[in-house]
Amino acid sequence: MSTSVIREIAGRAIAVRGNDIDTDRIIPARYMKELTFDSLGQYSFYDQRFDASGKAVNHPFNDSRFQGASILLVKKNFGCGSSREHAPQALMRWGIKAIVGESFAEIFAGNCTAIGVPTLTVGPAEIEELMKQVEADPQTELRIDLDSRKLQVGSSTVSVNLPDSQAQMLLKGTWDTTTTLLGGLKEIQAAAAHLPYVKDFPYDTAARS
(Lines give C-alpha, C1' and ligand atoms only; values in the text may rest on other atoms or scores of the structure.)
Protein backbone atom coordinates (compact mmCIF):
# COMPACT_ATOMS: atom_id res chain seq x y z
CA MET A 1 0.00 0.00 0.00
CA SER A 2 1.45 3.36 -1.01
CA THR A 3 0.40 6.97 -1.41
CA SER A 4 0.45 8.57 -4.84
CA VAL A 5 3.53 10.54 -5.78
CA ILE A 6 2.62 14.13 -6.70
CA ARG A 7 5.00 15.82 -9.11
CA GLU A 8 2.81 17.99 -11.29
CA ILE A 9 -0.53 19.74 -10.97
CA ALA A 10 -2.15 21.29 -14.01
CA GLY A 11 -5.49 22.95 -14.55
CA ARG A 12 -7.48 26.15 -14.61
CA ALA A 13 -7.34 28.46 -11.62
CA ILE A 14 -9.73 30.41 -9.43
CA ALA A 15 -8.76 33.52 -7.44
CA VAL A 16 -10.15 34.43 -4.03
CA ARG A 17 -8.92 37.85 -2.97
CA GLY A 18 -8.36 39.15 0.54
CA ASN A 19 -5.72 38.79 3.26
CA ASP A 20 -6.15 36.80 6.48
CA ILE A 21 -8.95 34.56 5.23
CA ASP A 22 -9.44 32.24 8.17
CA THR A 23 -10.67 28.67 8.32
CA ASP A 24 -14.09 29.74 9.58
CA ARG A 25 -14.59 31.66 6.35
CA ILE A 26 -13.32 28.70 4.33
CA ILE A 27 -15.90 26.48 6.02
CA PRO A 28 -18.26 27.70 8.78
CA ALA A 29 -18.10 25.70 12.01
CA ARG A 30 -21.73 24.52 11.78
CA TYR A 31 -20.83 22.34 8.78
CA MET A 32 -18.16 20.46 10.71
CA LYS A 33 -20.86 18.16 12.08
CA GLU A 34 -20.86 16.04 8.91
CA LEU A 35 -20.03 12.40 9.65
CA THR A 36 -17.47 12.23 6.83
CA PHE A 37 -15.51 14.73 4.76
CA ASP A 38 -17.15 13.57 1.53
CA SER A 39 -19.82 16.28 1.26
CA LEU A 40 -17.80 19.23 2.58
CA GLY A 41 -17.02 20.69 -0.83
CA GLN A 42 -20.47 22.27 -1.15
CA TYR A 43 -19.84 24.31 2.02
CA SER A 44 -16.59 25.95 0.87
CA PHE A 45 -16.83 29.72 1.57
CA TYR A 46 -20.52 29.16 2.25
CA ASP A 47 -21.20 32.35 4.22
CA GLN A 48 -19.39 34.41 1.60
CA ARG A 49 -21.29 32.73 -1.24
CA PHE A 50 -24.82 33.00 0.15
CA ASP A 51 -26.74 35.66 2.05
CA ALA A 52 -28.87 35.05 5.16
CA SER A 53 -31.82 33.93 3.02
CA GLY A 54 -29.68 31.40 1.15
CA LYS A 55 -29.50 33.44 -2.05
CA ALA A 56 -26.25 33.19 -3.99
CA VAL A 57 -24.14 36.36 -4.05
CA ASN A 58 -21.18 37.43 -6.17
CA HIS A 59 -18.27 35.14 -5.30
CA PRO A 60 -15.71 33.32 -7.48
CA PHE A 61 -16.89 29.92 -6.20
CA ASN A 62 -20.39 30.76 -7.51
CA ASP A 63 -19.13 31.93 -10.89
CA SER A 64 -19.85 29.34 -13.59
CA ARG A 65 -16.73 30.45 -15.47
CA PHE A 66 -14.52 29.01 -12.73
CA GLN A 67 -16.34 25.73 -12.16
CA GLY A 68 -13.89 22.87 -12.61
CA ALA A 69 -10.88 24.97 -11.59
CA SER A 70 -8.30 22.96 -9.65
CA ILE A 71 -5.74 25.57 -8.55
CA LEU A 72 -6.70 28.19 -5.96
CA LEU A 73 -4.97 31.58 -5.93
CA VAL A 74 -4.98 33.46 -2.62
CA LYS A 75 -3.31 36.37 -0.88
CA LYS A 76 -1.56 36.67 2.51
CA ASN A 77 -1.93 34.46 5.63
CA PHE A 78 -4.52 32.20 4.07
CA GLY A 79 -5.99 29.55 6.40
CA CYS A 80 -5.31 31.39 9.66
CA GLY A 81 -7.48 30.99 12.76
CA SER A 82 -8.73 27.61 13.91
CA SER A 83 -6.61 24.59 12.99
CA ARG A 84 -9.66 22.65 11.73
CA GLU A 85 -8.70 20.08 9.11
CA HIS A 86 -12.17 20.48 7.58
CA ALA A 87 -10.99 23.63 5.78
CA PRO A 88 -8.50 21.99 3.39
CA GLN A 89 -10.82 18.99 3.12
CA ALA A 90 -13.66 21.25 1.96
CA LEU A 91 -11.46 22.90 -0.66
CA MET A 92 -10.17 19.55 -1.91
CA ARG A 93 -13.71 18.16 -2.11
CA TRP A 94 -14.71 21.22 -4.15
CA GLY A 95 -11.97 20.27 -6.58
CA ILE A 96 -8.85 22.15 -5.49
CA LYS A 97 -5.60 20.22 -6.01
CA ALA A 98 -3.08 22.97 -5.21
CA ILE A 99 -3.08 26.43 -3.62
CA VAL A 100 -0.77 29.27 -4.60
CA GLY A 101 -0.56 32.38 -2.44
CA GLU A 102 1.59 34.95 -0.69
CA SER A 103 1.67 33.04 2.61
CA PHE A 104 -0.21 30.41 4.60
CA ALA A 105 -0.93 29.69 8.23
CA GLU A 106 1.48 26.92 9.24
CA ILE A 107 -1.08 24.44 10.56
CA PHE A 108 -3.33 24.95 7.54
CA ALA A 109 -0.40 24.28 5.21
CA GLY A 110 0.42 21.12 7.16
CA ASN A 111 -3.18 19.93 6.97
CA CYS A 112 -3.16 20.54 3.22
CA THR A 113 0.04 18.54 2.77
CA ALA A 114 -1.49 15.68 4.76
CA ILE A 115 -4.18 15.28 2.08
CA GLY A 116 -1.87 15.82 -0.89
CA VAL A 117 -2.66 19.47 -1.61
CA PRO A 118 0.55 21.52 -1.94
CA THR A 119 0.56 25.12 -0.68
CA LEU A 120 3.05 27.10 -2.73
CA THR A 121 4.12 30.69 -2.14
CA VAL A 122 5.04 33.48 -4.53
CA GLY A 123 5.65 37.19 -4.07
CA PRO A 124 2.91 39.86 -3.91
CA ALA A 125 3.57 41.08 -7.47
CA GLU A 126 3.51 37.53 -8.86
CA ILE A 127 0.24 36.52 -7.20
CA GLU A 128 -1.41 39.77 -8.27
CA GLU A 129 -0.40 39.19 -11.87
CA LEU A 130 -1.60 35.57 -11.76
CA MET A 131 -4.95 36.65 -10.32
CA LYS A 132 -5.40 39.32 -13.00
CA GLN A 133 -4.64 36.82 -15.76
CA VAL A 134 -7.08 34.26 -14.42
CA GLU A 135 -9.83 36.81 -13.78
CA ALA A 136 -9.41 38.20 -17.30
CA ASP A 137 -9.42 34.74 -18.88
CA PRO A 138 -10.91 31.92 -16.77
CA GLN A 139 -9.68 29.40 -19.35
CA THR A 140 -6.07 30.20 -18.48
CA GLU A 141 -4.16 26.98 -17.80
CA LEU A 142 -1.54 26.75 -15.06
CA ARG A 143 1.03 24.00 -14.69
CA ILE A 144 2.99 23.46 -11.48
CA ASP A 145 6.15 21.34 -11.41
CA LEU A 146 7.09 20.41 -7.84
CA ASP A 147 10.50 19.03 -8.86
CA SER A 148 11.68 22.30 -10.33
CA ARG A 149 9.43 24.52 -8.15
CA LYS A 150 8.15 26.27 -11.28
CA LEU A 151 4.69 27.47 -12.26
CA GLN A 152 4.04 27.93 -15.94
CA VAL A 153 1.21 30.06 -17.31
CA GLY A 154 1.21 30.62 -21.03
CA SER A 155 4.76 31.48 -22.10
CA SER A 156 5.67 32.79 -18.63
CA THR A 157 7.34 30.85 -15.84
CA VAL A 158 7.15 31.82 -12.17
CA SER A 159 9.30 30.38 -9.38
CA VAL A 160 7.26 29.04 -6.47
CA ASN A 161 8.40 28.22 -2.96
CA LEU A 162 7.58 25.07 -1.01
CA PRO A 163 9.35 23.90 2.18
CA ASP A 164 11.65 20.97 1.46
CA SER A 165 9.93 18.80 4.06
CA GLN A 166 6.55 19.24 2.36
CA ALA A 167 8.02 18.86 -1.12
CA GLN A 168 9.72 15.57 -0.25
CA MET A 169 6.53 14.15 1.25
CA LEU A 170 4.66 14.91 -1.97
CA LEU A 171 7.45 13.84 -4.32
CA LYS A 172 8.12 10.58 -2.44
CA GLY A 173 4.47 9.79 -1.85
CA THR A 174 4.70 9.83 1.94
CA TRP A 175 2.25 12.69 2.53
CA ASP A 176 -0.51 10.34 3.73
CA THR A 177 0.98 9.19 7.04
CA THR A 178 -1.76 6.63 7.70
CA THR A 179 -1.23 4.93 4.35
CA THR A 180 2.54 5.04 4.85
CA LEU A 181 2.15 3.45 8.28
CA LEU A 182 -0.12 0.69 6.95
CA GLY A 183 2.33 0.08 4.12
CA GLY A 184 4.91 -0.99 6.70
CA LEU A 185 2.50 -3.12 8.73
CA LYS A 186 4.48 -6.37 8.35
CA GLU A 187 7.68 -4.69 9.49
CA ILE A 188 5.85 -3.11 12.43
CA GLN A 189 4.39 -6.46 13.48
CA ALA A 190 7.79 -8.14 13.19
CA ALA A 191 9.41 -5.49 15.36
CA ALA A 192 6.58 -5.63 17.90
CA ALA A 193 7.00 -9.39 18.24
CA HIS A 194 10.45 -8.81 19.79
CA LEU A 195 9.38 -6.12 22.22
CA PRO A 196 8.72 -7.50 25.72
CA TYR A 197 6.34 -4.70 26.61
CA VAL A 198 4.17 -5.51 23.58
CA LYS A 199 4.20 -9.33 23.59
CA ASP A 200 3.98 -11.61 26.65
CA PHE A 201 4.24 -8.67 28.98
CA PRO A 202 3.79 -10.01 32.56
CA TYR A 203 0.67 -8.71 34.25
CA ASP A 204 0.95 -8.85 38.03
CA THR A 205 -2.65 -9.27 39.20
CA ALA A 206 -1.55 -9.67 42.82
CA ALA A 207 0.04 -6.25 42.85
CA ARG A 208 -3.22 -4.70 41.64
CA SER A 209 -5.53 -6.49 44.08
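The values are calculated or read from the model by the stated rules, or taken from the named source; none is laboratory data. Only a predicted model underlies this, so the values are computations on that prediction, with no experimental measurement involved. Counting neighbours? That spans all protein chains shown, and the Cβs are built from the backbone with ideal geometry, glycine included.
Out of everything in region 127-143 that is in contact (Cβ under 8 Å) with a residue 60 or more places away in the chain and outside any strand (DSSP E or B), what residue ends up being farthest from residue 172 (Cα to Cα)?
If we filter region 127-143 for residues that are in contact (Cβ under 8 Å) with a residue 60 or more places away in the chain, which is where we start, we get 130-131, 134-135, 138-143.
Keeping just the survivors that are outside any strand (DSSP E or B) gives 130-131, 134-135, 138-140.
Values: 130: 28, 131: 30, 134: 31, 135: 34, 138: 32, 139: 31, 140: 29 Å.
Among them, the one singled out is 135.
I'd like the full set of residues that are surrounded by 15 or more Cβ atoms within 10 Å (Cβ to Cβ) and more than 15 Å from residue 126 (Cβ to Cβ), limited to region 144-159.
Matches in region 144-159: 145, 146.
I'd like the full set of residues that are in a loop (DSSP other than H, G, I, E, B), farther than 23 Å from residue 131 by Cα and aliphatic (A, V, I, L, M), limited to region 15-39. Let's see the steps before the verdict.
If we filter region 15-39 for residues that are in a loop (DSSP other than H, G, I, E, B), which is where we start, we get 16-21, 27-28, 34-39.
If we keep only those that are farther than 23 Å from residue 131 by Cα too, we end up with 28, 34-39.
Of everything in region 15-39, just one residue is in a loop (DSSP other than H, G, I, E, B), farther than 23 Å from residue 131 by Cα and aliphatic (A, V, I, L, M), namely 35.
Within region 14-24, can one find any residue that is within 22 Å of residue 107 (Cα to Cα), free of Cβ contacts under 8 Å to residues at least 40 places away in the same chain and in contact with a His (Cβ under 8 Å, 6 or more places away or on another chain)? Let's see the steps before the verdict.
Applying the first criterion (within 22 Å of residue 107 (Cα to Cα)) to region 14-24 yields 15-24.
Subsequent filtering for residues that are free of Cβ contacts under 8 Å to residues at least 40 places away in the same chain retains none.
No: region 14-24 contains no residue that is within 22 Å of residue 107 (Cα to Cα), free of Cβ contacts under 8 Å to residues at least 40 places away in the same chain and in contact with a His (Cβ under 8 Å, 6 or more places away or on another chain).
Examine region 163-173 for a residue that is of a type in the set (Gly, Ala, Ser), over 18 Å from residue 5 (Cα atoms), out of contact with any Gly (no Cβ under 8 Å at 6 or more places or on another chain) and surrounded by fewer than 19 Cβ atoms within 10 Å (Cβ to Cβ), and state whether such a residue exists. Can you show your working first?
The first filter runs over region 163-173 and keeps only residues of a type in the set (Gly, Ala, Ser), leaving 165, 167, 173.
Still in the list and also over 18 Å from residue 5 (Cα atoms): none.
The answer is no, given that none of the residues of region 163-173 is of a type in the set (Gly, Ala, Ser), over 18 Å from residue 5 (Cα atoms), out of contact with any Gly (no Cβ under 8 Å at 6 or more places or on another chain) and surrounded by fewer than 19 Cβ atoms within 10 Å (Cβ to Cβ).
Test of understanding: among 52, 90, which residue is hydrophobic (A, V, I, L, M, F, W, C), more than 25 Å from residue 123 (Cα to Cα) and at pLDDT 95 or above? Break it down into steps so the answer makes sense when it comes.
Details: 52 fails: at pLDDT 95 or above.
Exactly one of 52, 90 is hydrophobic (A, V, I, L, M, F, W, C), more than 25 Å from residue 123 (Cα to Cα) and at pLDDT 95 or above, namely 90.
Go over the candidates 20, 51 one by one and state the one that is among the acidic types (Asp, Glu) and in contact with a strand residue (DSSP E or B) (Cβ under 8 Å, 6 or more places away or on another chain).
Working: 51 fails: in contact with a strand residue (DSSP E or B) (Cβ under 8 Å, 6 or more places away or on another chain).
Just a single option satisfies the conditions, and that option is 20.
Can you pull out the strands (runs of 3 or more DSSP E) entirely within region 40-126 that have at least 2 residues that are polar (S, T, N, Q) and under 22 Å from residue 12 (Cα atoms)?
Working: elements: 71-73, 98-101, 119-121.
Where strands (runs of 3 or more DSSP E) fall fully within region 40-126 and carry at least 2 residues being polar (S, T, N, Q) and under 22 Å from residue 12 (Cα atoms), they are 119-121.
Could you tell me which residue of region 141-158 is farthest from residue 9 (Cα to Cα), considering only residues that are polar (S, T, N, Q) and touching a strand residue (DSSP E or B) at 6+ places or on another chain (Cβ under 6 Å)? Don't jump to the end; show me each part of the working.
The initial filter retains those residues of region 141-158 that are polar (S, T, N, Q), namely 148, 152, 155-157.
Remaining after also requiring touching a strand residue (DSSP E or B) at 6+ places or on another chain (Cβ under 6 Å): 152, 157.
On the way: 152: 11, 157: 14 Å.
Ranking the candidates gives 157 first.
For every residue, the table says whether it meets (1) within 27 Å of residue 102 (Cβ to Cβ); (2) exposed (fewer than 11 other Cβ atoms within 10 Å of the Cβ); (3) at pLDDT 95 or above.
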| residue | (1), (2), (3) |
| --- | --- |
| 3 | no, no, no |
| 14 | yes, no, yes |
| 18 | yes, no, yes |
| 21 | yes, no, yes |
| 26 | yes, no, yes |
| 39 | no, no, no |
| 46 | yes, no, yes |
| 57 | yes, yes, yes |
